[in-house]
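What follows is one structure encoded as C-alpha cells, with my remarks underneath.
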Amino acid sequence: MPVTSISRIVTKGEWMEHIREIRLVEAEPSEIPEFSRRLQESFMIAVEREFGPWNGGPIPSDYDLEVTIGAPDAVTLHIVSDGQRVGGAVVRVDRDARRGFLDLLFISPGGHGKGVGTAAWAAIEEAYPEVEVWETVTPYFERRNINFYINKCGFHAVEFFNEHHRPEETLPVDDHGTVIPGGDSFFRFEKRVGCRKR
C-alpha cells in the first residue's frame, strides 16, 4: 500500500510550501524485528533524556510491541523518504465506526525537526480517507510529541490518565513487568477529520 504525499507544513503561523515525498510501505513479517529495534531506539532517547539511563529493558517492551503489531487489524508501516526508511507507524482502523488508532509512530532522530513527521502523518491520513476520528496516546513528559500532535497535526487532548484516572487497559510495562518511566501518566488525543471520499 505505497502512498505518496505532498504536504503543506505550517511554520510560524504562515503556510509555506514544503515538498517531501513520503511513502508508506507495509512491513513484511521478516522486517518486524528490525522495525521494532529502530522504534525502541527512538523511544528510548526520550525516556533517557527525561529520566536518565534506563536499565529496565526496551521501551516499549518486546511483549507490548508483539501484542500491538500482532493485533488482528494492525498494519505496520515503514515511513520512507528519498528511498530511506526514516520511521514507522502501527495503525488500526475500525471501518464500521470510522475510527483510526495510531498505536505507534516514530521518526528516526535524524529526521526530527525537518517536517518528516508532519508529512508522514499527512500520508497516513491520506491512506485512510474513511477515518473520521483518529486517536493516539503519548506520555505526559514527551513535550516534543505533545507539540507535534496538537500544534502540527491538529489533535486535541481529550483525556489525561494519571494516578487519579486510570485507563481500562493495563499500563505500559517493561519486559520485567515494571511500569516504564512516565508510563503511569499520559494524554489521549483525538483528531476529527470528517468524512472524505477517495
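What follows is calculated from the coordinates using simple rules that are stated; it is not laboratory data. Since the model is a prediction, treat every value here as computed from it, not as a measurement. Reconstructed Cβ throughout: ideal geometry from the backbone, glycine too, with neighbour counts over all protein chains shown.
A simple spin-label model places pseudo-atoms 7 Å from Cα toward Cβ; at VAL25 and ASP73 they are separated by 2.8 nm.
With the simple spin-label model, which puts each label point 7 Å out from Cα in the Cβ direction, the HIS165 to GLU50 separation comes to 1.7 nm.
Taking 1.567 mPa s as the viscosity and 4 °C as the temperature, the Stokes-Einstein diffusion coefficient of the stretch 29-81 based on its alpha-carbon Kirkwood radius rounds to 106 µm²/s. With a cut-off of 20 Å on the backbone N, the residues of the stretch 124-153 near the modelled label site 7 Å out from HIS112 along Cα-Cβ are 137-153. The three principal axes of the Cα atoms in the stretch 21-154 give end-to-end lengths of 42, 32, 31 Å, sorted in falling order. Put a dot 7 Å past the Cα of ARG99, heading toward its Cβ, do the same for VAL133, and the two dots end up 0.6 nm apart.
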